[in-house]
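Values in this text are rule-based calculations from the coordinates and carry no lab data. None of the values given here were measured: they were computed from a predicted structure. Please note: Cβ atoms are built from the backbone with ideal geometry, for glycine as well, and neighbour counts cover all protein chains shown.
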Amino acid sequence: MKTDKEKKYNYDKKTALQKAANWCAFQERSQQEMRDKLYEWQMKPNEVEEIISTLIAENFLNEERFAMAYVSGKFKIKKWGKFKIKQGLKLKRVPEPIIKKAINSIDEDEYLETLRILLEKKQALEREKNFLKRQLKLVNYLQSKGYEKDLIFLLLKSI
């Protein structure tokens, strides 16, 4: 049985374009994700860029739409903070101005409320008795979720 790395793809440009369009229609993709997929399909560099240009022209690929969907999903479903979301978008090679616009689309009140709820849930589960160690664990947890230190400390002081 062949593993994923051993699969042989032999798509012509037209077939690859159709498969790429279907892949993009299934879920929003970044240009880098599409580029990686086309190289995985063993397409030539000039074909990759032509296919990506066609997908952009036909609105299958749209970095801004991808960034907005990514931010919305990671915040609302995974409860990630802005820092972690921003890092994820950078890994997908989304341009900085688009990242800023997408991050700014998060409602501030909803963001703070999500942070508060995460803190309360974690506090309820935390078994550490030592106050300072407990606070440190809470801060580390919220930072690992991508929330900003200053907001975490502000919230901890208010509780």
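Given H placed on each backbone N at 1.01 Å, which residues far from ASN62 in sequence or on other chains put an amide H within less than 5 Å of it?
Those qualifying (amide H under 5 Å, at least 5 residues apart or on another chain) are ARG29.
GNM, the chain, Cα, under 10 Å: largest mean-square fluctuation among THR114, THR54, THR15?
So, out of THR114, THR54, THR15, the one fluctuating most is THR15.
What is the sum of charges around TYR147, taking Lys and Arg as +1, Asp and Glu as -1, for the other residues whose C-beta is under 10 Å from the C-beta of TYR147?
Numbers: positive: LYS79, LYS82, LYS84, LYS145, LYS149; negative: GLU148, ASP150.
Residues near TYR147 contribute +3 overall.
Which of the aspartates and glutamates could a cross-linker bridge to LYS149, judged by Cα under 18 Å and excluding same-chain residues fewer than eight apart?
Answer for LYS149, where 18 Å is the Cα cut-off: GLU108, ASP109, GLU110, GLU113, GLU120, listed by chain and number.
Nothing charged except the Cβ atoms of Lys and Arg (+1) and of Asp and Glu (-1): what's the magnitude of the dipole of the chain about its Cα centre? Round to the nearest 20 debye. Each step should come with its number before you reach the end.
Working: 35 positive and 24 negative charges, 176 e Å.
About 840 debye.
Tilt of helix 31-40 relative to the longest C-alpha principal axis of the chain, in degrees (0 to 90, nearest 10)?
50 degrees
Per residue of the stretch 93-102, in order, report the coupling 6.51 cos²θ - 1.76 cosθ + 1.60 (Karplus, θ = phi - 60°) as ³J(HN,Hα) in whole Hz, putting x for Gly and Pro.
6, 7, x, 3, x, 5, 4, 4, 4, 5
So what's the net charge close to GLN32: Lys and Arg +1, Asp and Glu -1, counting the other residues with Cβ under 10 Å from its Cβ?
Numbers: positive: ARG29, ARG35, LYS37, LYS92, ARG93; negative: GLU33, ASP36, GLU63.
The answer is +2.
Helix 45-57: angle to the longest alpha-carbon principal axis of the chain, degrees 0 to 90, nearest 10?
For 45-57 against the chain, the angle is about 70 degrees.
How big is D, in µm² s⁻¹, for the chain by Stokes-Einstein at 10 °C and 1.306 mPa s if Rh is the Kirkwood radius over C-alpha pairs?
On the way: Rh = 18.2 Å.
It comes out at roughly 87 µm²/s.
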